[in-house]
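Coordinate-derived values only; no laboratory data. Since the structure is predicted, the reported quantities are computational estimates derived from the model, not experimental observations. Cβ placement follows ideal geometry from the backbone for every residue including glycine, while neighbour counts extend to all protein chains displayed.
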Amino acid sequence: MSKSLQDQLLSLGLAKKKPAGKKRDTVRKIPAAKHQPGRRASGTTAEVSLDKAYALREREEQKKADQARRRKQAEDRKRREINNEIRKIVEQHRLNSDKAEIPRNFMFRERIRKLYVTPEQQQALNAGELGIAYLSGGYHLLAPEHLEAVRKISGDHIPDLDAGDDNEDDHPVPDDLVW
């Protein structure tokens, strides 16, 4: 039992004997000051230092960030222009009343919103004689001709008040169901 584990494994045939004459190859390390030459598409060799590679990557990232910033500024400028045009219409033709007490709920941008109206305004809204326009966090009652002017500028600012009626057909009540 004085055999080593290696000897036991060799005798069982579970391990292979190492060749005695071969040595391990040593990996030669390249000093950090020297650089590996790279191949360009033209076939010539050129050295690209790590610093240059980082600088190129940083320049590219900065360029992309600048493009994204300019794109966002252009979108913001366009949105402000649209809001200013809609604001001119809403300020002149807004029909909201300070005496409104009846909440009118509607869906807009996947959420239920609320606007307080008078009984006359509620009847007109339900009949389609009035409409709602969204501007900077507020909802404003407008006559159909002014609502159409806002829609021409941007249709995203007009909630669809008939959208709630379509959902009833999605889940019809069976005829044989008795309450």
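Taking amide H atoms as placed 1.01 Å from N in the peptide plane, the amide H of Y116 lies under 5 Å from those of R104, each 5 or more residues away in sequence or on another chain.
Stretching the chain fully between K16 and D160 yields a gain of 43.9 nm (0.36 nm per residue, less the alpha carbon separation). Fully extending the segment from R111 to S136, taken as 0.36 nm per residue of separation minus the present Cα-Cα distance, adds 7.4 nm. Of the residues V90, V173, V178, the one with the fewest other Cβ atoms within 10 Å heads the list, and the complete ranking is V178, V173, V90. Shown here for segment 40-148: trypsin sites (Lys or Arg not before Pro) in loop regions (DSSP other than H, G, I, E, B) with at most 16 other Cβ atoms within 10 Å, namely R40, R94, K99, R109. In this simple spin-label model, placing a label point 7 Å from the Cα along the Cα-to-Cβ direction at both L5 and K52 gives a separation of 5.2 nm. Shown is the FRET efficiency for K152 and R59, computed with R0 = 45 Å from the Cβ-Cβ distance and rounded to the nearest 0.05: 0.55.
Net charge dipole, segment 98-161: roughly 240 debye, given to the nearest 20, about the Cα centre with Cβ charges of +1 for Lys and Arg and -1 for Asp and Glu. Taking the inverse of the mean reciprocal distance over all distinct Cα pairs, the Kirkwood hydrodynamic radius of segment 88-169 comes to 13.0 Å. Placing a pseudo-label 7 Å from each Cα along the Cα-to-Cβ vector at K78 and V178 gives an inter-label distance of 6.0 nm.
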